[in-house]
Ligand code: CP3
C-alpha cells in the first residue's frame, strides 16, 4: 500500500512550515503553531477504516506504511503545524517482552506484568534501532512524505508512566500496585526506572536519528504522585533522560517537550528538567504558567479537550482567551491539554485550527 491518499492533495506540493520548531525555540513566528494531542485517531473515519484494514491497533503501529498513512491523515484534513508519529508509548515495554495488547474499550493490557524484583532484574535492555525498527522505518517514511510541509514529532512515555503500566499490567484508577512498589520496594522501583530511562533515551535518540525534528515525553501519570514522590520517581528520571539526549549527536539540537498531566503545581520543577518546552493540561492558566516559567521554556497547551464539543463561537472565544492570556511574544504552541476525545466532530477541529491561525496573525 502506498503511503499516500490520491483523493487528497499531495502534501509535498504545499508550503514549507517550521512554525512549530521556531516556537519551541522561542523564536518569532508569523502566527501561533497548533497541533492536537492524539490528532490521528478514532474521531477520524479514515483512521477507523485504516485500523479495520490493518485488523487491529498494534498491527497499524507495526506496519510502517500504515503508520505513515495514519500519521498523515489529520494533516490532509486540517492546516496543522506538526505531524506526530503514529505509535504508542507502550512500544518499549512490548519490546521488553511484556506482551502488549490493546482492545477497544478495554485499553492497554500486558500478558506478563512485572510482579517481583526478579521480573525487573530480568528485563532485557533494548536496542531501539533493532527492537523497534518498525518505529524508525515509519519515521523515515513520514519525513520523506512530509517533504518539509510540517515538522515530525517523535515521542515516548516517561519512565514513571511506563513503570506504572508495567507494574499494574494495564491502566488503573488508583495505581495501587505501582505506588505500592515505590514505598515497599524503592530499590526495585529505582532499578526499573533506571532501566526504563536508558531505554527511553535510546529510543528518543533513535527517533531523532530517523528524522523526528521535535521530541515529546508523555508523563501522563506524573500528576498521581505526591510532590516528594514526583521529584524522586519521575522528575529525576526525566532529567536523566534529557541529559543523555543533550549528549547525543542526533538529539542534542532537537527541541524536547515534557508534559506531566496534573503537573500544574510543579511547573518550575518541570522547567528545570532541561526540556525546551513544558506541556500544560487545562488546569493551569497559561498566563500564570508564562509568568512562572515562560522566560526559560516554551509552553504548549492548554485548551480543555471538552471544549471541542462546544458550539463554534465558544471554541473561538476560548481559543482567543488562551492566546490573549499567553500574550505577545514567541514561545507558544497551541494544543489541547490532553488527547482529543474519540467522539469529537472533525469539523470542530478544523474550526479550532483555523481560529488559532486567524486570531494569532493570519
Ligand atoms: O497523538 C497522536 O496522534 C500519536 C499517537 C499516540 C497514540 N498514543 C495512539 C493511540 C500517542 C502520542 C499515544 C501516547 C499514549 N499512549 C499515551 C500518552 C498520552 C496520553 O494520552 O496521556 C498513553 C497513556 C498511551 C497508552 C494508551 N494507548 C492508551 C491509554 C490507549 C487508549 C486505549 C483506548 O481504548 O482508548 C492506547 C491506545 C491508542 N494509542 C489509541 C491510539 C490512537 C487508540 C487505539 C484504537 O484505535 O482503538
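Each value in this text was obtained by applying a stated rule to the coordinates, not by laboratory testing. Everything quoted here is computed from the prediction, not taken from an experiment. Heads up, the Cβs are rebuilt from the backbone with ideal geometry, glycines too, and the neighbour counts pull from every protein chain shown.
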What does the C-alpha gyration tensor say about the overall shape of the stretch 187-307? Classify as rounded when a/c is under 1.5, otherwise prolate if a/b is larger than b/c, or oblate. oblate
Contour excess over end-to-end distance, with Cα ends at residue 190 and residue 321 and 0.36 nm allotted per residue: 43.0 nm
Centre separation in Å (Cα based) which lies between the stretch 247-274 and the stretch 172-239: 13 Å
For a footprinting-style exposure proxy, rank 127, 318 by other Cβ within 10 Å, fewest first. 127, 318
Dimensionless Rg ratio for the stretch 131-265, taking C-alpha atoms and the 2.2 N^0.38 Å reference: 1.10
For the stretch 25-98: rounded, prolate or oblate by the Cα gyration tensor [a/c cutoff 1.5]: oblate
Counting other beta carbons within 10 Å of each Cβ, put 242, 36 in order, fewest first. 242, 36
Would you mind estimating how fast the chain diffuses translationally, via Stokes-Einstein at 4 °C and 1.567 mPa s with the Kirkwood radius over Cα pairs, in µm²/s? 63 µm²/s
Expected unfolding gain across residue 226-residue 243 under the 0.36 nm per residue rule, minus the alpha-carbon gap, is 3.7 nm
Highest GNM mean-square fluctuation, the chain, Cα pairs closer than 10 Å: which of 224, 125, 213? 125
Starting from the Cα-Cα distance between residue 309 and residue 291, subtract it from 0.36 nm times their residue separation and give me the gain in nm to one decimal. 3.5 nm
Most fluctuating of 27, 291, 320 in the GNM of the chain (C-alpha, under 10 Å) is 291
With label points built 7 Å along Cα→Cβ from the Cα atoms of residue 354 and residue 177, find their separation and express it in nm. 4.8 nm
C-alpha center-to-center spacing [the stretch 286-362, the stretch 110-152] in angstrom: 30 Å
Everything considered on the Cα gyration tensor (a ≥ b ≥ c; rounded for a/c under 1.5, else prolate if a/b is larger than b/c, else oblate), the stretch 233-362 must be described as prolate
In a Gaussian network model over the chain where Cα atoms closer than 10 Å are linked, find which of 337, 287, 55 has the largest mean-square fluctuation. 55
Sorting 79, 197, 184 on the 10 Å Cβ count, fewest up front, what's the list? 184, 79, 197
